[in-house]
Each structure stands twice: as structure tokens, then as C-alpha cells.
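What follows draws every value from the coordinates through simple rules; no lab data is involved. The structure displayed is predicted, hence computed values, not measured ones. Methodologically, a virtual Cβ is constructed for each residue, glycine included, from the backbone with ideal geometry; neighbour enumeration extends over all protein chains shown.
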Amino acid sequence: MPELPEVETIARGLAGRVMGDVIESVWLGEKREPLKSPPQEIAGTLTGKRIASVRRLGKHIVFDLARDHEPRPAAQWIVHLGMTGQMLVSRPEVEIAKHTHAIVKLASGRELRFVDPRRFGRLSVAHGFETSGSEPLEISEENFIKLFRARKTPIKSALLNQKLLRGVGNIYADESLYRAGVRPRRRAASLTRDELHKLYRAVQKVLKEAIAAGGSSVSDYVDADGEEGFFQLRHRVYGREGKPCYKCKTPIKRVVIAGRSSHYCPKCQR
DNA sequence: ACTATTTCCTGGATGC
DNA sequence: TGCATCCAGGAAATAG
């Protein structure tokens, strides 16, 4: 499931392959769920535009679209991959995968294909796209600590709240809390300054390491080249229910918090 | 202004 | 083997 490190990896891969290319035409499938903007608006905004840049914002992929010969982007194509979404660069002769919801033909002859079996992903267009929340790799420690002050919700839920931090999902929330030694059910406001300091460092460390590893490949995540990441090999708690903690051998516990499976070591995390 | 719960989706795993 | 049921979860919608 693509979170910040996976989306960063994908956006970088896409930038290297389609930046500067021009969109010739757009095909959108029958299903309406994957579209957040009306289909004519998406097709109309994309067609004829040059892809000036591709970047990540939270868990979104942002394609900056410019009119030919104009340096400033006139619009953005926003892609959220949801859980099972993939954005692939394909040659036109490659067979169209099941659950392909959009095909964008490029002047270079290749195609951008959006494939998403579960249809939790979303496509939209925008002008001056913004999202709420802070980038976890850019926020200052002082502002990070302020985010959680006076919040009654479990720290795990607060980490997943995109209006606070954007880009942290279930895997990296669990991995960060383990490294910070904090139990996921703790009320956010109950964390001490020292625990918040450790959590700040842990979130940044985990995200940076995961980006360096090309993300975590669980379920069907692959990057723009169809390559898997390998950070899943370094997960210390996520997906390790019942297995021994790497530090103390205590079996890792799994509980459900706000409908999300949450993994932690009952001895190392307090 | 927050917080908690429900809903959307399909493929893979599980159970009988 | 076949069929039914459950589960994964990001974010929006709904309810409190």
C-alpha cells in the first residue's frame, strides 16, 4: 500500500521517464469511482499539455502540466494510488491489464496507465493544488510536537491523520512508534517531550530509510518501472504478529485501533 | 473543534 | 473441489 516512501519512489521514477513528454490523448474507463473530477474536465485539462514535472505531495502524485513553450504549469494532474493503485509507463503493444481505469497517450509513443483493482485510488485535476498537513520530512521538531498537544486520540490515529502530517500510513506509523518506544494506543497528549522528540526522529529516520530502499513491497506495490522495493525486509513490527521482537524476543502483538491493524512490542513500547 | 464509526472495493486466504 | 465468508486499509462521509 503506497505511503510516502512508495509514492516518492514512484514519483521520482515517473519524473525520470515522462518529464518533458506531451500528452496527446486521454482514455478513461467506465467506472466513475476512480475519478474525483468529471471525466471531460480531466481529459480536457490533460490533452495537449506538457508534463513539466512530477512530484510527490503527501501520498499524492502531482503531474505539473504546462502549455507548450510556457515554463509555468497551467494545471496539475493529481493521482492518489489508494491501496492497490499503480501508475505504469507502458509501450502501447503491451496487453492492457484488468482494472485499467485510465490510459494517457504520450507524444513519445508510450502510455501512462492507471491500474487499480480495488478502486480506492483517485484521479483529479487542479489549479494550484494544495493539501492540508505538514510534510513529515520538512516540519520542524517544535511544530511536530505542537501537532499532538491536547489531542485525546491515540497517537497511532494522530500519525495517520493527513490533516496533521501528510504521507504517513499504517506501516510507517507502526514502525515509527516501535522505534520511538511508544505504544500505539497512548493518547497523543500523554506523550512526554522526550517521547515526542524520539518519535520525531523515528518518523524521519524510518521514512528516509524506506525511500532509500525504494519503499515497502507488500500486497502488490511496484514502482514506475515495475520494480519492487525492499523496505519490507526491514519491518520490525508491521506484519510480524506473534514473531519475536528483534530487541527482546517478546512476541509482537497486533491490536485494532480505529479500524487499523496496529503492531507493537508490549515490552519495548510503553 | 474534535473524535469515533461506517463506507467504499476486490482478490486472496480461510473454513466447512 | 467448491462455495461462502472474512479481511486488508486511505480517506471521505456521517454521527456523536
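Points worth noting:
- Sparse-neighbour loop sites [trypsin sites (Lys or Arg not before Pro); segment A:72-165; at most 15 other C-beta within 10 Å; DSSP]: A:Lys98, A:Arg118, A:Arg149, A:Lys152, A:Lys163
- A:Arg185 versus A:Tyr246: modelled label distance in nm, points set 7 Å from Cα along the beta carbon direction: 2.6 nm
- Only Cα pairs under 8 Å and 6+ residues apart enter the sum, and on that basis the relative contact order of segment A:22-162 stands at 25 percent.
- Shape of segment A:126-170 from the C-alpha gyration tensor: prolate (a/c of 1.5 or more and a/b above b/c, with a ≥ b ≥ c the square roots of its eigenvalues).
- Segment A:47-148: GluC sites (Glu not before Pro) falling in loop per DSSP and having at most 16 other Cβ within 10 Å: A:Glu93, A:Glu95, A:Glu130, A:Glu138
- Contact order, relative form, for chain A: 19 percent (alpha carbon pairs under 8 Å, 6 or more residues apart, mean separation divided by residue count).
- Assigned charges on the beta-carbon of Lys, Arg, Asp, Glu; segment A:8-122 dipole about Cα centre (debye): 340 debye
- Per the Kirkwood formula applied to alpha carbons, segment A:72-146 shows a radius of gyration over Rh ratio, Rg over Rh, of 1.11.
- Excluding same-chain neighbours fewer than eight residues apart, the aspartates and glutamates reachable from A:Lys205 by a Cα-Cα span under 20 Å are A:Glu3, A:Glu6, A:Glu8, A:Glu135, A:Glu138, A:Glu141, A:Glu142, A:Asp174, A:Glu175, A:Asp194, A:Glu195.
- Spatial extent of chain A: Rg and Dmax, with the Cα atoms as the point set, Å: 19.8, 61
- Residue (of A:Tyr200, A:Gly13, A:Gly121) at the positive-pole extreme of chain A, dipole from beta-carbon charges: A:Tyr200
- Each residue of segment A:94-111 was assigned a 3J(HN,Hα) from its phi angle through the Karplus expression (A = 6.51, B = -1.76, C = 1.60, θ = phi - 60°), giving 5, 4, 7, 5, 4, 6, 7, 9, 8, 10, 10, 7, 10, 4, 6, x, 8, 10 Hz with x at Gly and Pro.
- Lys, Arg +1 and Asp, Glu -1 on Cβ, resulting dipole of segment A:226-270 about Cα centre, debye, nearest 20: 400 debye
- Shape annotation for segment A:80-232: C-alpha extents along the principal axes are 57, 35, 25 Å, from largest to smallest.
- Taking amide H as placed 1.01 Å from N in the peptide plane, the amide H of A:Cys245 sits under 5 Å from that of A:Thr250, A:Ile252, each at least 5 places away or on another chain.
- Estimated [θ] at 222 nm from DSSP helical runs (n ≥ 4, -39500 (n - 2.57)) normalised by residues in chain A, nearest 500: -7500 deg cm²/dmol
- Nearest-ten-degree value, helix A:4-18 long axis tilted from longest Cα axis of chain A: 20 degrees
- Sorted largest first, the spans of the alpha carbon positions of segment A:1-69 along the three principal axes are 34, 32, 15 Å.
- Among the listed pairs A:Lys59/A:Lys253; A:Lys198/A:Lys247; A:Lys156/A:Lys267, a Cα-Cα separation exceeding 21 Å is found for A:Lys59/A:Lys253.
- Check: chain A dipole with +1 on Lys, Arg Cβ and -1 on Asp, Glu Cβ, in debye: 1820 debye
- Built amide H within the under 5 Å cut-off of A:Ile257, gap 5+: A:Ser262
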